[in-house]
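Q: Handing you this structure, nothing more for now.
Taken together, the values in this text are just the output of simple stated rules run on the coordinates, not laboratory data. All values derive from a computational prediction rather than experimental measurement. Cβ placement follows ideal geometry from the backbone for every residue including glycine, while neighbour counts extend to all protein chains displayed.
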Amino acid sequence: MTGAGPIVNLDRLSLRLFASFAGLILVIVAAVALWGEIRVRRFYAHEVERRLEVAAALLIERSESALAHAGPDPAFDAHLGQLGRLTRLRLTVIRDDGVVLADSESPLPIANHADRPEVRLALGGQPGTDQRRSSTTGQRTHYLALPVRSAGRVIGCVRASAPLDDMEGALAELRTSLVLVGALALGAGLLLAGLLARRLASPLENMAREAEALGEGDLARRVAPRGPVETRALARALNTMAARLQQRVESERTARGELEAILGGMAEGVVALDAAEQVLLMNAAAARLLGLEEPLAAGSPLWRVLRFPELERELRAVLARPEAGPGTPDVRSFDATPQGNGRTLAISIAPLSIEGLETRRGAVVLLSDVTTTRRLDQMRSDFVANVSHELRTPLTAIMGALEILAEPSTDEATEARFVEIAARNAARLKAIVNDLLDLSSLEAQSESLARAPLSTSAALRNAAAALAGAAQKKGVQLEVEAPRSSRADVLGDESRLEQCFTNLLANAIQYTPAGGRVTARARSLEDEVEVVVEDTGIGIPATALPRVFERFYRVDRGRGRDTGGTGLGLALVKHIALAHGGRVDVASEEGHGSVFTVRLPRRSEA
Ligand code: ADP
């Protein structure tokens, strides 16, 4: 039973029922008509025969004398006529040679009747019957002829006949009434059949419609329990099933929603793949880490949109492995960088087996961005290597000096020189260690930095004052452009800020040849305080600019160390600025000087 179809759909149950009922009624009516006609015909024929027999029998005795005396007998004729009228039959008396002696209806003479089949039989001594159209009256007629005997010899016969048209008339009447009654019965029957068919079929058809809607996913649909007890039970069963299904779908939707929310909220990327390397599931993080615009839909082949040879190779290896036994974690982990992405991903691939109707194999890929971790790891090991290297140089110098001093033959002048070398390198060691300690304490406790209202221009002036001697000695002109009023414009640690400015000024003086100029400026912006240290020195090459704030980074390794720098000065500057919620920038052109700019948040009251 399908919903839409032609208007008269013979597949419909109601129509089938109706058609069956109608057919049955038609057959019954036709059978009754046929049976009635046969019965009536037989009864009528029997009746006519009985009447013919009685009339012929009555006639035999009187006919004997009439047949014996040849010649007209008016009394007999009258008697025949009367009998004929009374019995409403045609009566004929026929001689043994076929000559008609008397007839109750037709005047004589009448043609010789010897050839009539019933007459022939009767003259042969048997009762004869026949049915035919009469040549005398022209009507369909039933004949009965009985022999008339005299002294054991057949001397003629009497014949009684009745027209059959009466019966046909009666039968036609019967048929008309049968047709009428049959039509009425048929009409009533069909009406009843229609109603019954509708009543039986409509709950079923309704149920089919609802079941179809349920099947199409509209699980909120319910069937009204109507019709006979069976269809009501069916409707209830259908409703229970729909409710269960709805519950199941609901809980599965919730579970899937939870899973999606969990996967969507994860920083790690998750990709589940089937054995054909088609995506079963991919979360947003995975798409981002793999450089895709959005997660691939379930069923899409992974490699159609992604080029990642390392992952492809490892994944194939995992998928190609025979199924691992339970409890044997068979995970492949490695670091890789997707093309054109520049990020380092830690990837682990575990085989997956999904139990269902059939067990499906696949793999789960877990991706996490370890770019920062790996860089930090690298920086840490670089740092350790750098520190060791930086410490080794002065230590070697001190040990060398001590060795010379330990020799008894060393003269006083040499002794004095090596003591000075040892002292200088010890001071350098101390400077490095102090800077390192400063850096690590700044990193460790930037929050617990002492914060007091202070004036940046005062701090800058102090730093410049401390370096004025060095600048003069080197022949560098040092200028400070900062307001004299020492209004407290930032919240911070005075000694740290002074250290920050001192480092910048010391660098500027150090990397500016004699005759150059160093300018330090402090000014207030809208919600920041800006300190600029500008020099006309050697400048920094563009390639080195992004790295100057790294620990132990020197543009020219030899040059920096010769001038006594630790390579930690700018790292400290940066950390002090950051610890105060500020930042530091550098602009420089090689050979034309550098500009370092420190910006700190302004105190709100200032
Ligand atoms: P150092 O103690 O060696 O000066 P810093 O961290 O202070 O180390 O500086 C890092 C490097 O940046 C220096 O080695 C130097 O090459 C470069 N540099 C810093 N300040 C200046 C400047 N004002 N002009 C030119 N180069 C500079």
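Q: Report the label-to-label distance for Arg313 and Lys473 in nanometres (one decimal), using points 7 Å from each Cα along the Cα→Cβ vector.
A: Going by the 7 Å Cα→Cβ label model, 5.9 nm.
Q: Size of the range 265-369 along its principal axes in angstrom, Cα-based, largest extent first?
A: Taking the Cα atoms of the range 265-369, the three principal extents are 38, 26, 26 Å.
Q: Follow-up. Please work out the Kirkwood hydrodynamic radius for the range 15-169, using every pair of different C-alpha atoms, and report it in angstroms with one decimal place.
A: On the way: mean 1/r = 0.0584 Å⁻¹.
Kirkwood radius, the range 15-169: 17.1 Å.
Q: Val181 to Ala452: extension gain in nm, 0.36 nm per residue of separation minus the Cα-Cα distance? Mind dumping the intermediate values first?
A: Working: separation 271, 0.36 × 271 = 97.56 nm, distance 11.93 nm.
Extra length from Val181 to Ala452 when fully extended: 85.6 nm.
Q: Of the listed peptides 297-309, 115-127, 335-347, what is their order by residue-averaged count of other C-beta atoms within 10 Å, with the highest listed first?
A: Values: 297-309: 13.2, 115-127: 18.0, 335-347: 15.8.
So the peptides 297-309, 115-127, 335-347, ranked by packing, come out 115-127, 335-347, 297-309.
Q: Give me the one-decimal nm value for the distance between modelled label points at Glu268 and Glu590, 7 Å along each residue's Cα-to-Cβ direction.
A: 4.6
Q: Which order, highest average first, do 533-544, 501-512 follow once you tally other Cβ atoms within 10 Å for each residue and take the mean per peptide?
A: Working: 533-544: 18.4, 501-512: 23.7.
With the highest mean Cβ count within 10 Å placed first, the list reads 501-512, 533-544.
Q: Subtracting the Cα-Cα distance from 0.36 nm times the residue separation, let me have the gained length for Gln339 to Arg42 in nm, one decimal.
A: Working: separation 297, 0.36 × 297 = 106.92 nm, distance 10.66 nm.
Extending this stretch completely gives an extra 96.3 nm.
Q: Hey, another quick one. State, as an integer percentage, the relative contact order of the range 344-501 based on alpha-carbon contacts under 8 Å between residues 6 or more apart. Kindly include the intermediate steps, with their values, before the conclusion.
A: On the way: 134 pairs, mean separation 25.1, N = 158.
Computed over the range 344-501, the figure is 16 percent.
Q: Using Cα pairs under 8 angstrom and six or more residues apart, how large is the relative contact order of the range 452-601, in percent? Write down the numbers at each step before the final one.
A: Details: 309 pairs, mean separation 36.2, N = 150.
Computed value for the range 452-601: 24 percent relative contact order.
Q: What is the helix-to-structure angle for 74-87, meaning the angle in degrees between its Cα long axis and the longest Cα principal axis of the chain, kept from 0 to 90 and rounded to the nearest 10?
A: 20
Q: If you place +1 on the Cβ of every Lys and Arg, -1 on the Cβ of every Asp and Glu, and leave all else neutral, what size is the dipole of the range 374-445 about its Cα centre, to the nearest 20 Debye? Can you show the working numbers first?
A: Values: 8 positive and 12 negative charges, 86 e Å.
Its charge dipole is roughly 420 debye.
Q: Also, I was wondering about something else. Output the relative contact order of the chain, whole-number percent, from Cα pairs under 8 angstrom with separation of 6+ residues.
A: On the way: 936 pairs, mean separation 43.1, N = 606.
Reported as a whole number, the value is 7 percent.
Q: So, how do all the Cα-to-Cα distances of the range 176-257 break down into 5 Å bins, in percent, from 0 on up?
A: Over the range 176-257, the share of Cα pairs per 5 Å bin runs 3, 14, 16, 14, 11, 9, 8, 7, 6, 4, 3, 2, 1, 1, 1, 0 percent.
Q: Next question. Can you compute the modelled spin-label distance between Glu481 and Val305, with each label point 7 Å from Cα toward Cβ, in nm?
A: Label-label distance for Glu481 and Val305, simple model: 5.6 nm.
Q: Decide, for the range 95-141, between rounded, prolate and oblate: order the square roots of the alpha carbon gyration tensor eigenvalues as a ≥ b ≥ c, take rounded if a/c falls under 1.5, and otherwise choose prolate if a/b is larger than b/c, else oblate.
A: Working: a/c = 2.17, a/b = 1.17, b/c = 1.85.
Taking the square roots of the gyration eigenvalues as a ≥ b ≥ c, the range 95-141 is oblate.
Q: While we're on this one: Rounded, prolate or oblate: which fits the chain when a ≥ b ≥ c are the square roots of the eigenvalues of the alpha-carbon gyration tensor, with rounded for a/c under 1.5 and prolate only if a/b beats b/c?
A: Working: a/c = 7.70, a/b = 5.33, b/c = 1.44.
Taking the square roots of the gyration eigenvalues as a ≥ b ≥ c, the chain is prolate.
Q: Set Lys and Arg Cβ to +1 and Asp and Glu Cβ to -1, take the dipole of the chain about its Cα centre, and tell me which of Ala587, Leu190, Ala30 lies farthest positive.
A: My answer, from the dipole projection, is Ala30.
Q: Sorted from fewest to most neighbouring beta carbons within 10 Å, what does the list Met266, Met207 look like? Write out the running numbers ahead of the final one.
A: Working: Met266 15, Met207 20.
Arranged by neighbour count, lowest to highest, Met266, Met207 become Met266, Met207.
Q: Answer with one residue from Ser381, Phe418, Ala463: the one whose Cα lies farthest towards the positive end of the charge dipole of the range 379-494, charges on Cβ with Lys, Arg +1 and Asp, Glu -1.
A: Highest projection toward the positive end goes to Ala463.
Q: Right, something else. Please state the charge dipole magnitude for the chain, taken about the Cα centre, from unit charges on C-beta atoms (+1 on K and R, -1 on D and E), reported in debye and rounded to the nearest 20.
A: Working: 72 positive and 76 negative charges, 405 e Å.
It works out to roughly 1940 debye.
Q: Let's test the formula: R0 of 41 Å, r as the Cβ-Cβ distance of Ala542 and Ala275. What FRET efficiency results, to the nearest 0.05? Show your work: numbers first, answer last.
A: On the way: r = 52 Å, r/R0 = 1.28.
Efficiency for this residue pair is about 0.20.
Q: Now for a separate question. Set the Förster distance to 41 Å, then compute FRET efficiency between Ala68 and Arg88 from the Cβ-Cβ distance, nearest 0.05.
A: Calculated transfer efficiency: 0.90.
Q: What order, most packed first, do the peptides 92-101, 143-152 have when packing is the mean number of other Cβ atoms within 10 Å of each residue?
A: Details: 92-101: 20.5, 143-152: 18.2.
Top to bottom by mean Cβ count within 10 Å: 92-101, 143-152.
Q: Residue separation times 0.36 nm, minus the C-alpha to C-alpha distance between Leu58 and Ser353: what's the value?
A: On the way: separation 295, 0.36 × 295 = 106.20 nm, distance 11.13 nm.
Here the answer is 95.1 nm.
Q: How big is the antiparallel share of DSSP beta bridges in the chain, given as a percent to the nearest 5?
A: Counting only bridges with both partners in the chain, antiparallel ones make up about 95 percent.
Q: Hey, if you put +1 on the Cβ of every Lys and Arg and -1 on every Asp and Glu Cβ in the chain, which of Pro301, Pro394, Leu437 ends up farthest toward the positive end of that dipole?
A: Pro301
Q: Excluding same-chain residues fewer than 8 positions from Lys474, which aspartates and glutamates have a Cα within less than 15 Å of its Cα?
A: Excluding near neighbours in sequence, the set is Asp535.
Q: Here's another thing I want to ask about it. Between Ala297 and Leu24, what's the calculated FRET efficiency when r is the beta-carbon distance and R0 is 51 Å? Round to 0.05. The partial results should precede the final answer.
A: Values: r = 59 Å, r/R0 = 1.15.
E between Ala297 and Leu24, to the nearest 0.05, is 0.30.
Q: Also, quick follow-up: Relative to the longest principal axis of the chain, what angle (0 to 90°, nearest 10) does the C-alpha long axis of helix 456-474 take?
A: It works out to around 50 degrees.
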